[in-house]
1. Kindly provide the set of residues from segment 52-72 that are within 12 Å of residue 14 (Cβ to Cβ) and of a type outside the set (D, E, K, R), ordered by number.
2. Anything in segment 23-43 that is among the hydrophobic types (A, V, I, L, M, F, W, C) and touching a residue at least 12 places away in the same chain (Cβ under 8 Å)? List them, or say none.
3. Taking the condition at pLDDT below 95 and either of a type in the set (Val, Ile, Thr) or more than 17 Å from residue 7 (Cα to Cα) (or both), does residue 31 pass?
4. What are the residues in segment 17-38 that are in contact with a Lys or Arg (Cβ under 9 Å, 6 or more places away or on another chain) and within 15 Å of residue 66 (Cα to Cα), if any?
5. Would you check if there is a residue in segment 25-43 being more than 24 Å from residue 87 (Cα to Cα) and in contact with a Leu (Cβ under 8 Å, 6 or more places away or on another chain)?
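The values are calculated or read from the model by the stated rules, or taken from the named source; none is laboratory data. Given the structure is predicted, the values throughout are model-derived calculations rather than measurements. Positions of Cβ are backbone-derived with ideal geometry, glycine not excepted, and every protein chain shown enters the neighbour counts.
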Amino acid sequence: MDSSTVPRDRIAKLLDIKYEALYIEQRLLEGGDVDKGAVDEAIAGLVERFYRENGDFVSRRQYETARGSFEYFVVLLEMVLARYREGE
């Protein structure tokens, strides 16, 4: 897909994933009584959704790396978002 034809809906969905990821990260940074298993599951779900909705900009290898690294996942989010915004 050409980034110049990216619908605003795809950008909105990507931003939704980004904000959910940042919310989860904030909960982790605050510490306290956080269920690590539930957090890991939530992140895995976001990575899966991200790949499903943006697989045309992300390779399978990048997806698999993002599954194991939250920081890399956030970098991928930003990379794809920048590509989408170039097409606005």
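1. 54, 57, 58 - these are the residues of segment 52-72 that are within 12 Å of residue 14 (Cβ to Cβ) and of a type outside the set (D, E, K, R).
2. Of the residues in segment 23-43, the ones among the hydrophobic types (A, V, I, L, M, F, W, C) are 24, 28-29, 34, 38-39, 42-43.
Across segment 23-43, the qualifying residues are 24, 39, 42, 43.
3. So residue 31 passes the test.
4. Across segment 17-38, the qualifying residue is only 17.
5. Let us first name the residues in segment 25-43 that are more than 24 Å from residue 87 (Cα to Cα), namely 25-43.
From what's left, in contact with a Leu (Cβ under 8 Å, 6 or more places away or on another chain): 34, 39.
Within segment 25-43, one or more residues are more than 24 Å from residue 87 (Cα to Cα) and in contact with a Leu (Cβ under 8 Å, 6 or more places away or on another chain).
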